[in-house]
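Novice: Take this structure first; my questions come after.
The values are calculated or read from the model by the stated rules, or taken from the named source; none is laboratory data. Computed from a prediction, not measured in an experiment: that's the story for all the values here. Here Cβ is always computed from backbone atoms with ideal geometry, including for glycine, and neighbour counts include all displayed protein chains.
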């Protein structure tokens, strides 16, 4: 009885030791006595303890940093360059096997390959062109890594150039150039705005002067029209009354010299003056 219990317990222990669970983010490779035996998809699996081993491979997208390095550009400047590489192991069985059996530590290999590729690319560029052609550098880096990792079962998703920093003295000079350029643009904008304002004020004054001129013209035309109407009225009134006009002119001449003239009440001259002034003489 005791022997049976021991055997059952041993079988349960062996079974428990052989249980393996593969997550959806991984794929498994099972080796038997050091030789590849079978492929494991996500789910429950059982291996023979001691005799078999399972190696799980992460198939999600991963990122490695190429680590900052000093690279001499084509114009003999030391640029500090850093980049990131995003990749993942392909899901099929051959690719998972290749990532384990065709390359030793693919993450470390990708880092070193990226660093070497960056030195080759940036070494042919000037510092200015390297900063302005980041897209081109990323494209060439991605292309090279893709070609070199075909046999590793790896897919290079994308590459990102993090920084291309020049030496401190060069950076300071570049900052001064940028600052001077910005100040130049600001000065041009200010001058343009000032010129626009002056032009606006000039147009405003011209319009104001034009308005005053037009007003003066209209006022003069009004006075001329009034004089014309008075002349017409006078001409009509004195037609056939030349004698009265002569008396009135004599009176005007006398008044200019402050001469006192006594005009009898009810005389014709008083009636004419009253009619022109709109005044009716008072009756005694």
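Novice: Within segment 50-62, count every residue that is loosely packed, with under 13 Cβ neighbours inside 10 Å and on the phi < 0 side of the Ramachandran plot.
Specialist: The number of residues fulfilling the criteria is 3.
Novice: If I filter segment 118-130 for residues that are surrounded by fewer than 17 Cβ atoms within 10 Å (Cβ to Cβ), within 13 Å of residue 66 (Cα to Cα) and in contact with a strand residue (DSSP E or B) (Cβ under 7 Å, 6 or more places away or on another chain), do I get at least one hit?
Specialist: Yes, segment 118-130 has at least one match.
Novice: Which condition breaks for residue 44 when tested against (1) touching a strand residue (DSSP E or B) at 6+ places or on another chain (Cβ under 7 Å); (2) in a helix (DSSP H, G or I)?
Specialist: Failing condition for residue 44: (2).
Novice: If only one of 81, 111 is part of a strand (DSSP E or B) and either under 30 Å from residue 127 (Cα atoms) or in the same structural domain as residue 137 (by TED's automatic domain parsing) (or both), which one is it?
Specialist: It is 81.
Novice: Which of (1) closer than 30 Å to residue 127 by Cα; (2) touching a residue at least 12 places away in the same chain (Cβ under 8 Å); (3) assigned to a loop (DSSP other than H, G, I, E, B) is the odd one out, the single condition residue 49 does not satisfy?
Specialist: Result: residue 49 fails condition (1) only.
Novice: Please go through (1) farther than 18 Å from residue 31 by Cβ; (2) assigned to a strand (DSSP E or B) for residue 76 and return the number of the only condition it doesn't satisfy.
Specialist: Looking at each condition in turn, residue 76 falls short on (2).
Novice: Same structure, new question: Looking for whichever is surrounded by fewer than 13 Cβ atoms within 10 Å (Cβ to Cβ), closer than 28 Å to residue 29 by Cβ, outside the structural domain of residue 40 (by TED's automatic domain parsing) and touching a helix residue (DSSP H, G or I) at 6+ places or on another chain (Cβ under 8 Å) here; the options are 98, 151. Which one fits?
Specialist: The match here is 151.
Novice: On to the next question. Against the definition (modelled with pLDDT of 90 or more and either exposed (fewer than 14 other Cβ atoms within 10 Å of the Cβ) or over 31 Å from the mean Cα position of the chain (by Cα) (or both)), how does residue 84 come out, yes or no?
Specialist: No; evaluated as a whole, the condition is false for this residue.
Novice: For segment 120-138, check the following and say yes or no: at least one residue is in a helix (DSSP H, G or I) and either over 33 Å from the mean Cα position of the chain (by Cα) or touching a residue at least 60 places away in the same chain (Cβ under 8 Å) (or both).
Specialist: The answer is yes; a qualifying residue exists.
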